[in-house]
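In what follows, a single structure is set out as structure tokens and then discussed.
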Amino acid sequence: MPANRIKMKKIIIILAGIVLIGAIIAVVILSSHKSDGKSPLETAVVKKRNINSSILATGSVKPMIGAEVKVGARLSGKVEHLYANIGDKIEKGQVIAKLEQDDLIAKVNEAKMSLEVSEANLDLMQKKLQRIQALYKKDLASKEDVDVAERDCKVTQAQVNLIKETIKYNETQLSYATIIAPISGIIASVSTQEGETVAAGLNAPTFVTIIDLSRLQVDTFVDETDIGRVVISQTATFTVDTFPDKDFSGKVIAIYPKAIIQQNVVYYDVVIAIANTEGLLKPDMTASVIISAGNRDNVLSVPNKSVKRESEQKVVYILQGDKPVRKTVKTGWKDSSFTEILEGISEGETVIIGETGVSDSQ
């Protein structure tokens, strides 16, 4: 008898378990059907907000026009002295290098000695002309004698003038043998060494490259969908990878009209002037840029995810009762969270965020 009771108890427990499992399955199925019939919709109320419009873009630090100069030689010769090393600070007018000058100095001196001889001849010719002119007044010399003397003076004067110009030319060539820094900055590269012979041709050989780190800019690439909101003098902030926690500031100074196409996306080069007073920024650093496009205060707006593009139109779905209704809207400014609504819906209406559960044709 005790064995039968134990057996019966086990059967009751098993039957109770089966009933419980069936009940759980039924609840799950009913819940699933109910969920499929009425999906909960994420919504938001259309209301007025302040929109801080900004444009995100990437770019790189570049020298301004004229801030990076390649300094070379305008004549051929051997590099006698090189006074620059990579990383050196250099001032405008400072001597960078010198070429051998002995032959150039000799040419200058030779021309100066020729000038002395020619000037002495000119003095003699002028005195001779004066004597002949005095004799001509006394009828002791002919007019032809005067003309010849005047001609000799003019020829000698021309020789003097020619030698003077030769001296100027030779002195200019001599000055080219001393390479001077045209700007202040940092020596970025050195392309020659002492003892090398450089040959000047159509392209002057480069000695050094100088970069003025106080005159840098950021060239940032703005998507064509955002370029219409960028104007000259807008403020911008940016970070670089090496200083991720430091914000640098700048101002838009140029918008280049020529498009740049990268991976079938159209961008425009926006130039941002920056201040590098601490000397932290270097050319070709990658910059993450935020351009401030301005503020729109107390404007009607909706969450960005509620605005959709359908059939070349921007639309939102509002909730009327429990039914989504499609509305065509005209949008204005946009920030990271909200989009300004200019036309199409009114304050206080409820818009659906994300999936609406209706087709485009509705």
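Each value in this text was obtained by applying a stated rule to the coordinates, not by laboratory testing. Note that the coordinates shown come from a computational prediction; the quantities given were computed from them, not determined experimentally. Neighbour counts run over all protein chains shown; Cβ positions are idealised from the backbone, glycine included.
Some points to look at:
- Per-residue ellipticity at 222 nm, computed for the chain from helices alone with -39500 (n - 2.57) per DSSP H run of at least four residues, works out to -10500 deg cm²/dmol.
- With a threshold of 20 Å on the Cα-Cα distance, the over-threshold entries among LYS78/LYS98; LYS78/LYS107; LYS70/LYS251; LYS308/LYS334; LYS70/LYS258 are LYS70/LYS251; LYS70/LYS258.
- Taking amide H as placed 1.01 Å from N in the peptide plane, SER189 has its amide H under 5 Å from the amide H of THR209, each at least 5 places away in sequence or on another chain.
- Extents of the chain, taken as max minus min of Cα coordinates on every principal axis and listed largest first, are 172, 60, 33 Å.
- For segment 321-337, the Karplus equation 6.51 cos²θ - 1.76 cosθ + 1.60, evaluated at θ = phi - 60°, returns couplings of x, 10, 10, x, 10, 7, 10, 7, 10, 10, 9, x, 6, 8, 10, 5, 10 Hz by residue, with Gly and Pro reported as x.
- The residues packed around LYS98, meaning those with a beta-carbon under 15 Å from its beta-carbon, carry a net charge of -4 if Lys and Arg are +1 and Asp and Glu are -1.
- Cubic angstrom per residue, convex hull over Cα atoms of segment 75-198: 108 Å³
- Proximal lysines to LYS143, defined as alpha-carbon separation beneath 25 angstrom and excluding residues fewer than eight positions away on the same chain: LYS127, LYS128, LYS154
- A cut-off of 5 Å between modelled amide H atoms, ignoring neighbours fewer than 5 places along the same chain, links ALA73 with PHE207.
- The dipole here belongs to segment 68-210: it is taken about the Cα centre, uses +1 on the Cβ of Lys and Arg and -1 on the Cβ of Asp and Glu, and is about 460 debye.
- For segment 162-174, Karplus couplings with θ = phi - 60° (6.51, -1.76, 1.60), whole Hz, Gly/Pro x: 5, 5, 4, 5, 4, 5, 4, 4, 5, 5, 5, 4, 5
- Burial ordering of THR235, THR166, fewest other beta-carbon atoms within 10 Å first: THR235, THR166
- Neighbourhood net charge (12 Å Cβ-Cβ; Lys/Arg +1, Asp/Glu -1) for GLY195: -3
- Listed peptides 117-127, 55-65 by packing density, highest first (mean Cβ within 10 Å): 55-65, 117-127
- Amide H within-cut-off set for ALA84, under 5 Å, with H built and near neighbours excluded: none
- Ranking GLN173, THR209, LEU129 by Cα position along the charge dipole of segment 68-210, where only Lys, Arg, Asp and Glu carry charges on their C-beta atoms, puts LEU129 farthest toward the positive end.
- Seen from SER337, the other residues with C-beta closer than 14 Å to its C-beta sum to a net charge of +3, counting Lys and Arg as +1 and Asp and Glu as -1.
- Whole-Hz ³J(HN,Hα) from phi, Karplus 6.51 cos²θ - 1.76 cosθ + 1.60, for segment 45-57, glycine and proline x: 8, 6, 8, 8, 9, 9, 10, 9, 7, 9, 10, 9, 7
- Cross-link partners of LYS164 among aspartates and glutamates (Cα-Cα below 14 Å; sequence separation of 8 or more within a chain): GLU110, GLU116, GLU119
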